[in-house]
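Participant: Quick one: structure below, then a few questions.
Any read-out appearing in this document is the output of simple, stated calculations on the displayed coordinates, not a laboratory observation. Keep in mind that what you see is a predicted model, and the values were worked out from it rather than measured. Here Cβ is always computed from backbone atoms with ideal geometry, including for glycine, and neighbour counts include all displayed protein chains.
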Amino acid sequence: MAKIIDSLLTLMKIDSKQSKIKKQTVWLNDLLFEEIARYRSKINQKNIQIDSIQIQSISMMGDPYWLSVLFANLIDNAIKYTKTNTAIAMHLSKSSSNTILFWIADEGPGVKENELKLLTKRFYRQQPKSDISGSGLGLSIVKWVVTSHNGEMVIENIKNSGLKVLIEFPI
């Protein structure tokens, strides 16, 4: 319930324009590791392994608060949908096209192809409704943060199991 209230308050900030992006130099790897540490007990409860495929020390001009919200929502979703005794994979690097690439992949049930584009719509929940709690706001907030930082986001199914969220930010 607290997570739903937090999501609604975040949405109110976004809608009321109180959510100005205050850019400064941000070390994304530090923010990512801080959020992983915050979720450590939930990770341990489900015996989930975190596979850091590649996590580089990368800085960008961005808002540390909103980028932390982005990582928190993605990690929270991955934990909720990942099966017990499996893994969540993450990657953070500079790409050859001079952008920052972050992705997170879970070992959950995935999503029907026709629902992928709907996942970033406010209050959207998979059909039929999942027994996993949530507000349907997390990925819409993530999308707003990505767009506010001039980034792009793609959500795709992983063959045989899971979902992958890819985010690209300009440097």
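Participant: Using the Karplus curve 6.51 cos²θ - 1.76 cosθ + 1.60 with θ = phi - 60°, what ³J(HN,Hα) values do you get for each residue of the stretch 139-148, in whole Hz, with x for Gly and Pro?
Facilitator: 6, 5, 5, 4, 4, 4, 4, 4, 4, 5
Participant: Enumerate the calculated ³J(HN,Hα) couplings along the stretch 81-93 in order (Karplus 6.51 cos²θ - 1.76 cosθ + 1.60, θ = phi - 60°), each rounded to whole Hz, writing x wherever the residue is Gly or Pro.
Facilitator: So the J values, rounded to whole Hz, are 9, 6, 5, 4, 6, 10, 9, 10, 10, 9, 8, 9, 7.
Participant: I've got another one for you. Could you order the peptides 154-160, 102-108 from most to least packed, using the average number of other C-beta atoms within 10 Å per residue?
Facilitator: The densest-packed peptide leads the list: 102-108, 154-160.
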